[in-house]
Amino acid sequence: MIMQPDQIWHQFFNDIQHTRWQEWISTLTQVASVWYARKNNILVYPTGIIGVLLAAWVYFFIATPPLYADGMLNIYYFAMSVYGWYNWTRKDQFHHDVFAISWCTKNELRIGIAGCIIGWSILYVILSTFTNSDTPILDSLVSASALTAMWWMASRKIENWLAWIFSNIVAIPLNFYKGFMLFTLMYILFLGMAIAGLMEWRRIYWSAKNKS
């Protein structure tokens with residue numbers, strides 16, 4: 001059944017009123033994390049860790065039925081945040097970033113895209129076979145594309161923003177369907193910030209290129 005505009009707004013405001021504190025804190029810290037990522041600031045990781053751990057709790061223990069892939073994805077975010085935090089602190093003998101902003105090599109691009117497709121297939125089979133998820137296709141697609149985005153981001157690859165843009169586009173209707181209105185707004189904001197981040201990182205890259 002297709003919802004009418006007034007029904008959508010009614011559901012939106014009703015769900016906002018019943019938003020849990022975990023969603024509020026997770027949303028605020030994740031927004032801060034994406035803002036820092038756009039600015040190429042290492043604070044992207046400590047703020048992000050708080051947000052993803054709370055988001056995992058929401059997806060595993062509050063969503064009905066649980067969004068298993070999204071929950072597991074946020075655990076992966078946590079692990080990659082620790083890894084990325086370490087990478088971003090590394091300096092060479094000239095005190096330059098070991099992982100400076102750059103484009104993916106052809107091999108990194110192939111691995112990222114292949115990983116996304118394989119991850120999507122595996123997660124879909126797991127969700128549709130072993131869980132009661134009613135959105136296995138979108139749930140697994142959001143997770144698989146974000147797996148690639150997070151891996152590229154840990155190495156400061158510009159393409160991470162393209163993967164985030166795609167992941168956010170899929171996550172928006174998924175979270176709305178599940179009744180997570182605050183998360184829906186968050187992903188809409190993330191989409192805009194990812195586009196801005198792509199433009200900002202390209203500017204930083206070409207600025208550094210022109211100086212060298």
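The values are calculated or read from the model by the stated rules, or taken from the named source; none is laboratory data. In this text the structure is predicted, and so the values were computed from the model without any measurement. When we count neighbours, we look across all protein chains shown, and the Cβ atoms used for this are built from the backbone with ideal geometry, even at glycine. Heads up: the accessible areas ignore ligands, DNA and RNA and are worked out on the full protein's heavy atoms, side chains in. Shrake-Rupley method; radii C 1.70, N 1.55, O 1.52, S 1.80 Å.
Quick one: in region 100-117, of everything that is touching a residue at least 24 places away in the same chain (Cβ under 8 Å) and under 24 Å from Ala171 (Cα atoms), which residue is surrounded by the fewest Cβ atoms within 10 Å (Cβ to Cβ)? Walk me through it before giving the result.
From region 100-117, those touching a residue at least 24 places away in the same chain (Cβ under 8 Å) are 100-104, 108-109, 112-113, 115-117; that's our starting set.
After this cut, where a residue has to be under 24 Å from Ala171 (Cα atoms) as well, the list is 109, 112-113, 115-117.
Numbers: Leu109: 15, Gly112: 22, Ile113: 15, Gly115: 15, Cys116: 22, Ile117: 13.
The residue in question is Ile117.
What are the pairs, 6+ residues apart or on separate chains, where a residue within region 167-195 that is within 14 Å of Trp35 (Cβ to Cβ) has its Cβ under 7 Å from a residue that is modelled with pLDDT of 85 or more and of a type in the set (Lys, Arg)?
The qualifying pairs are Met193/Arg38.
Please report, ordered by residue number, the helices (runs of 4 or more DSSP H) entirely within region 127-212 with at least 2 residues that are open to solvent by 40 Å² or more (accessible area, probe 1.4 Å) and either of a type in the set (Asp, Glu) or touching a Gly at 6+ places or on another chain (Cβ under 8 Å) (or both). Quick ask: steps written out before the conclusion?
Working: elements: 136-154, 160-177, 181-211.
Hits in region 127-212: 136-154.
What number of residues within region 46-65 satisfy the criterion of being within 16 Å of Ile137 (Cβ to Cβ) and either acidic (Asp, Glu) or touching a helix residue (DSSP H, G or I) at 6+ places or on another chain (Cβ under 6 Å) (or both)? Before the answer, list the steps.
The first filter runs over region 46-65 and keeps only residues within 16 Å of Ile137 (Cβ to Cβ), leaving 65.
Cutting the leftovers down to either acidic (Asp, Glu) or touching a helix residue (DSSP H, G or I) at 6+ places or on another chain (Cβ under 6 Å) (or both) gives us none.
Count: 0.
Evaluate the following for Arg156: is it at positive phi and of a type in the set (D, E, K, R)? Before you say what the answer is, go through the steps one by one.
Working: at positive phi: yes; of a type in the set (D, E, K, R): yes.
Here the answer is yes, as Arg156 does meet what is asked.
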